[in-house]
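Notes follow the structure.
The values are calculated or read from the model by the stated rules, or taken from the named source; none is laboratory data. In this text, all values refer to a predicted model and were calculated from it rather than measured experimentally. Cβ atoms come from the backbone with ideal geometry, glycine included; neighbour counts cover every protein chain shown. Each accessible area value is taken on the protein alone, full model and side chains, heavy atoms only, with ligands, DNA and RNA left out. Shrake-Rupley method; radii C 1.70, N 1.55, O 1.52, S 1.80 Å.
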Amino acid sequence: MAAPARTMWVNGPIIVGAGPAGLSVAACLHTHGVPSVVLERDDCIASLWQRRTYDRLRLHLPKRFCELPGMPFPASYPEYPTKHQFVSYLEAYAAAFHVRPRFRQSVASARFDHAAGLWRVQASSSSDTGGEEATYTEYIGRWLVVATGENAERVLPEFAGAGSFKGPVTHVSEYKSGEPYRGSRVLVVGCGNSGMEVCLDLCDHGAQPAMVVRDAVHVLPREMLGVATFSVAAFLLRFLPLRLVDRLLVLLAGLFLGNDLPRLGLRRPNSGGPLELKNSRGRTPVLDIGALEKIRAGEIAVVPGVKRFVAGGAEMVDGSFVAADAVVLATGYHSNVPQWLKGSDFFSGEGYPKAGFPEGWKGESGLYSVGFTRRGLAGVALDAVRVAGDIAVAYNESNKSASSSSPCTTACPVLLQQQQEPVP
């Protein structure tokens, strides 16, 4: 990387990511009177929600489980807010807590300088058109908060014969609506919540989807007799161990969804309940909002894994052939932390804290993480409160020691102070 064009001293933590995780911790820090700087590679907050989600998306859990610290959803919002309502909520949240991210700051590296006892974060910036050469800024501060989350980059698996397929291949991050696919045969690779919902949306727009189900999956009803399944699980966990709650959820799923799912091509895992697999491996159970009805009616075909693609479709692992005019990859996302966080063994090679929940929010040398609990927005909120509280204690202690020798050092209200030379 080229030498930074300028170096900025950050009077407070450097937060990487302006999604729900970054906004939450910055807001909590603000309530403690701690300034922070939020770096975001895109030109808006929550870019995943704003730019890389389909039109019909709603929160999969009731809104009370998705609130960020210090601000409930508007009472007028439905139980499951739309993506547009959620984005409006996040924008209002950022405004209420005076969170103003520095946009188009793509972090290339972050490394702890042991000699100086400070974090050095190098970020590149470029114009909207991309015509200007990128410039680099080095941000220096005592604390680094990793808030890029679990869904920073697309998962794009490689398939044999992919170049032979003649139709369009799209990741679900680029899918907006089934309208462009009207009348087409669409192979949807992936059977998570996104895959199921994309298939449902394709049906609603007159397309003919086939859904690839390679692995076993837990499918639960979104609601049971008008009560959210997650609410039922949260209530039961107050009194029963997780494994027993999982057994009850599977039993209730059979009662509400039927026990014919294996016949439909949807096998439940032989080991691990829906909550256990979510917590340990990040495998989220599918919450059915109508796809099963379409599968039973034959409007959504369930097919096994892809062996190879050919010009007009795909050969499957069981020897069958599925004709397709287009492919949608509902193959999910992954963390990108290992690409830019250097010299730290706090995160695994997969980009998650090595310490499991609830210990994975704090590392060494002022390193923190928010949004890697595999527990959705509720986990984000919990992390943000813990991280902000811990940093606030250290920040106030450093201010006390500094005030005894200097009238304005870390207590200075200016968030960013430009330096002519990097901090030594």
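Residues of the stretch 355-373 that are more than 13 Å from VAL16 (Cβ to Cβ) and either part of a loop (DSSP other than H, G, I, E, B) or β-branched (Val, Ile, Thr) (or both): ALA355, GLY356, PHE357, PRO358, GLU359, GLY360, TRP361, GLY363, GLU364, SER365, GLY366, THR373. Scanning the stretch 324-335 for residues that are more than 19 Å from GLU197 (Cα to Cα) and open to solvent by less than 40 Å² (accessible area, probe 1.4 Å) yields a single hit, SER335.
Counting only residues that are of a type in the set (Gly, Ala, Ser) and free of Cβ contacts under 8 Å to residues at least 12 places away in the same chain, the stretch 259-271 holds 1 of them.
Quick check: anything in the stretch 129-147 over 28 Å from GLU364 (Cα atoms), among the polar types (S, T, N, Q) and more than 22 Å from the chain's Cα centre (by Cα)? There is at least one residue in the stretch 129-147 that is over 28 Å from GLU364 (Cα atoms), among the polar types (S, T, N, Q) and more than 22 Å from the chain's Cα centre (by Cα).
Where strands (runs of 3 or more DSSP E) fall wholly inside the stretch 123-239, the ranges with 2 or more residues that are open to solvent by less than 10 Å² (accessible area, probe 1.4 Å) and within 28 Å of ARG58 (Cβ to Cβ) are 185-189, 208-212, 219-221.
For the stretch 385-400, give me the residue count where each residue is under 19 Å from the mean Cα position of the chain (by Cα) and either outside any helix (DSSP H, G or I) or more than 28 Å from LYS63 (Cβ to Cβ) (or both). Number of matching residues: 0. Pairing residues of the stretch 350-367 that are open to solvent by less than 20 Å² (accessible area, probe 1.4 Å) with residues that are β-branched (Val, Ile, Thr), at Cβ distances under 6 Å and at least 6 apart in sequence or on separate chains, gives GLY351/VAL337. Condition check: over 30 Å from PRO353 (Cα atoms) and open to solvent by 30 Å² or more (accessible area, probe 1.4 Å). Does ILE289 satisfy that? Yes, satisfied.
Against the condition open to solvent by 30 Å² or more (accessible area, probe 1.4 Å) and closer than 26 Å to ARG52 by Cα, how does PRO338 come out, does it pass?
On the way: open to solvent by 30 Å² or more (accessible area, probe 1.4 Å): yes; closer than 26 Å to ARG52 by Cα: yes.
So PRO338 passes the test.
Here LEU382 meets the list (1) open to solvent by 50 Å² or more (accessible area, probe 1.4 Å); (2) over 17 Å from the mean Cα position of the chain (by Cα); (3) farther than 18 Å from ALA152 by Cβ; (4) at pLDDT 95 or above almost entirely, failing just condition (2). Look at (1) at pLDDT 95 or above; (2) in contact with a Phe, Trp or Tyr (Cβ under 8 Å, 6 or more places away or on another chain) and you find that SER36 fails only one, number (2).
For LEU249, indicate whether it is open to solvent by 40 Å² or more (accessible area, probe 1.4 Å) and free of Cβ contacts under 8 Å to residues at least 40 places away in the same chain. Walk me through it before giving the result.
Working: open to solvent by 40 Å² or more (accessible area, probe 1.4 Å): no; free of Cβ contacts under 8 Å to residues at least 40 places away in the same chain: yes.
It is false that LEU249 is open to solvent by 40 Å² or more (accessible area, probe 1.4 Å) and free of Cβ contacts under 8 Å to residues at least 40 places away in the same chain.
Among residues of the stretch 1-27 that are closer than 20 Å to VAL146 by Cβ and at pLDDT below 95, those with a Cβ under 8 angstrom from a residue that is aromatic (Phe, Trp, Tyr) and open to solvent by 10 Å² or more (accessible area, probe 1.4 Å), sequence gap 6+ or separate chain, pair up as MET1/TYR136. Residues that are surrounded by fewer than 13 Cβ atoms within 10 Å (Cβ to Cβ) and at positive phi: does the stretch 308-322 have at least one? Yes, that holds for at least one residue.
How many residues does the stretch 123-158 contain that are farther than 23 Å from VAL337 by Cα and either at pLDDT 95 or above or acidic (Asp, Glu) (or both)? Outline the logic, then answer.
Residues of the stretch 123-158 that are farther than 23 Å from VAL337 by Cα, as a first pass: 127-133.
If we keep only those that are either at pLDDT 95 or above or acidic (Asp, Glu) (or both) too, we end up with 128, 132-133.
The number of residues fulfilling the criteria is 3.
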